[in-house]
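**Student:** Let me begin by handing over the structure; questions about it come next.
The values are calculated or read from the model by the stated rules, or taken from the named source; none is laboratory data. Nothing here was measured: the structure is a model prediction, and the numbers come from that model. Quick reminder, even Gly has a Cβ in these numbers, built from the backbone with ideal geometry, and neighbours come from all protein chains shown. Protein only, heavy atoms only, side chains kept; ligands, DNA and RNA dropped before computing areas. Shrake-Rupley method; radii C 1.70, N 1.55, O 1.52, S 1.80 Å.
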Amino acid sequence: MLSRSTAINRINHITRNLTTTATRNNSTMSAQVTRTPTKTVYAQETPEGVGATVRRSIGTYALRNLSPFLMLDHAKIQKGSGFPDHPHRGQSTVTYCLKGKMGHEDFTGAAGTLEPGDVQWMTAGRGIVHSEMPVFDGDYDEVEGMQLWVDLPADKKMIEPSYQEKKAADIDTAKPADGVTIKVISGKSHGVEGFVRPVGGCWFLDVRLEKPGATVFQEIPEGWTGFAYIISGSAQFGEEATPTNKFNTVVFSAEPGQNGVQITRPEGTTEETRLLVIAGEPLDQPCVQHGPFVVTSQREVLQAMVDYQTGRNGFENAPRWKSKLGAPLRGD
């Protein structure tokens, strides 16, 4: 049997070890280890929809297989152009309005109008047909927005479609440093948590660096695919000394221990730095894409095309549905 003094000494020793271990673990958890750029792709202008032009980076020859992300477009749409009735299967789309108004209508009955700062999160699942059209009812001649396509896990590709809209006033904002504002559309940033979709979800953050030299460390889950798209100005990432200018997509490294990215607006710049920081868990599955159909095999591509043309397996409403928004470009 241990003496009382020996027992007390052993308890103190164990307590000190536990405290030291906890401190070490907390220190490790709080350490900021930044990711660095691994690839930079300029978003080239390309025609899309009817008469519209988009800047596309993800989904081009220069940047494919960035799972779970399929496509990223920065669209500027004028009168007489848009994206009338078209189908989707197997992915989610995130549409973020930057300027003007963008209308949405789909064959489930969902409809809405996005204004600056509003976001729409649509899960196509087994099938949906929708129309996305600019709305010109104010003193502007151009609508500007971002659209991201996110792959769905294989076992979720045939779920029922859904649509969610979030107004700018309902999106929480983090202000972690002087001259730094982060709209948390989805994911987490400095104690603020956005709405997160359980299917086809990702982190989607709108970061503004309002002053030259402003800097922030943004958490990104370890192992997740992460990138930034620069809407305006320029930014530096990690220890990278060379600034990257607007209209570029910067893909980040994902080494063990890297739990975020340091973002800095270069000194001496006059234009506000605004960028989207986006991250998602990569999917360990085949990805076969044919236009708006994203599945896991060529057989499923053919099935999606037949289903859409014949109105089956999720596309039952397709043959008889026409959007009101798309009517001007359909000519009916």
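**Student:** Out of the residues in region 76-99 that are among the aliphatic types (A, V, I, L, M) and open to solvent by less than 10 Å² (accessible area, probe 1.4 Å), state the one that is farthest from TYR308 (Cα to Cα).
**Tutor:** Checked region 76-99; the qualifying residue farthest from TYR308 (Cα to Cα) is ILE77.
**Student:** In this structure, does GLU132 turn out to be under 26 Å from LYS322 (Cβ atoms) and either of a type outside the set (Asp, Glu) or not in a strand (DSSP E or B) (or both)?
**Tutor:** no
**Student:** What's the total number of residues in region 17-44 that are under 25 Å from GLY280 (Cα atoms), surrounded by 10 or more Cβ atoms within 10 Å (Cβ to Cβ), at pLDDT below 95 and of a type in the set (Gly, Ala, Ser)?
**Tutor:** 0
**Student:** Of the residues that sit in region 100-117 and are outside any strand (DSSP E or B) and open to solvent by less than 30 Å² (accessible area, probe 1.4 Å), which one is nearest to VAL199 (Cα to Cα)? Before the answer, list the steps.
**Tutor:** Initial filter on region 100-117 (outside any strand (DSSP E or B)): 100, 107-110, 115-117.
If we keep only those that are open to solvent by less than 30 Å² (accessible area, probe 1.4 Å) too, we end up with 100, 107, 110, 117.
On the way: GLY100: 29, PHE107: 20, ALA110: 18, GLY117: 23 Å.
Here the answer is ALA110.
Table: residues versus (1) hydroxyl-bearing (Ser, Thr, Tyr); (2) touching a helix residue (DSSP H, G or I) at 6+ places or on another chain (Cβ under 8 Å); (3) more than 30 Å from PRO84 (Cα to Cα).
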{"residue": "VAL199", "(1), (2), (3)": "no, yes, no"}
{"residue": "VAL207", "(1), (2), (3)": "no, no, yes"}
{"residue": "VAL216", "(1), (2), (3)": "no, no, yes"}
{"residue": "ASN248", "(1), (2), (3)": "no, no, no"}
{"residue": "PRO266", "(1), (2), (3)": "no, no, yes"}
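**Student:** Evaluate the following for THR95: is it farther than 18 Å from SER186 by Cα, assigned to a strand (DSSP E or B), at pLDDT 95 or above and among the hydroxyl-bearing types (Ser, Thr, Tyr)? Write out each step before concluding.
**Tutor:** Numbers: farther than 18 Å from SER186 by Cα: no; assigned to a strand (DSSP E or B): yes; at pLDDT 95 or above: yes; among the hydroxyl-bearing types (Ser, Thr, Tyr): yes.
No: the conditions fail for THR95.
**Student:** Let me ask something else. Working only within region 258-296, note down all residues that are touching a residue at least 60 places away in the same chain (Cβ under 8 Å), assigned to a strand (DSSP E or B) and within 20 Å of MET158 (Cβ to Cβ).
**Tutor:** GLN289, PHE293, VAL294, VAL295
**Student:** When region 203-231 is examined, which residues are found to be open to solvent by less than 20 Å² (accessible area, probe 1.4 Å) and within 11 Å of LEU276 (Cα to Cα)? Walk me through it before giving the result.
**Tutor:** Here is the first cut: in region 203-231, the residues open to solvent by less than 20 Å² (accessible area, probe 1.4 Å) are 204-207, 209, 214, 216, 218, 220, 226-231.
Within region 203-231, PHE204, LEU205, ASP206, VAL207, GLY226, PHE227, ALA228, TYR229, ILE230, ILE231 meet the criteria.
**Student:** I'd like to verify a number: residues in region 188-214 that are in contact with a Gly (Cβ under 9 Å, 6 or more places away or on another chain), more than 13 Å from GLY260 (Cα to Cα) and not hydrophobic (A, V, I, L, M, F, W, C), how many?
**Tutor:** Within region 188-214, residues that are in contact with a Gly (Cβ under 9 Å, 6 or more places away or on another chain), more than 13 Å from GLY260 (Cα to Cα) and not hydrophobic (A, V, I, L, M, F, W, C) number 10.
**Student:** Okay, next question. If I ask for residues that are part of a loop (DSSP other than H, G, I, E, B), surrounded by fewer than 18 Cβ atoms within 10 Å (Cβ to Cβ) and on the phi < 0 side of the Ramachandran plot, which ones from region 297-320 would you list?
**Tutor:** SER297, ARG312, GLU316, ASN317, PRO319, ARG320
**Student:** Now for a different question. So in region 232-253, with the set limited to residues that are of a type in the set (Ser, Thr, Tyr) and buried (at least 20 other Cβ atoms within 10 Å of the Cβ), which one is farthest from ASP206 (Cα to Cα)? Quick ask: steps written out before the conclusion?
**Tutor:** First, the residues of region 232-253 that are of a type in the set (Ser, Thr, Tyr): 232, 234, 242, 244, 249, 253.
Applying the additional criterion that residues be buried (at least 20 other Cβ atoms within 10 Å of the Cβ) yields 244, 249.
On the way: THR244: 17, THR249: 14 Å.
Applying the filter and picking the extreme gives THR244.
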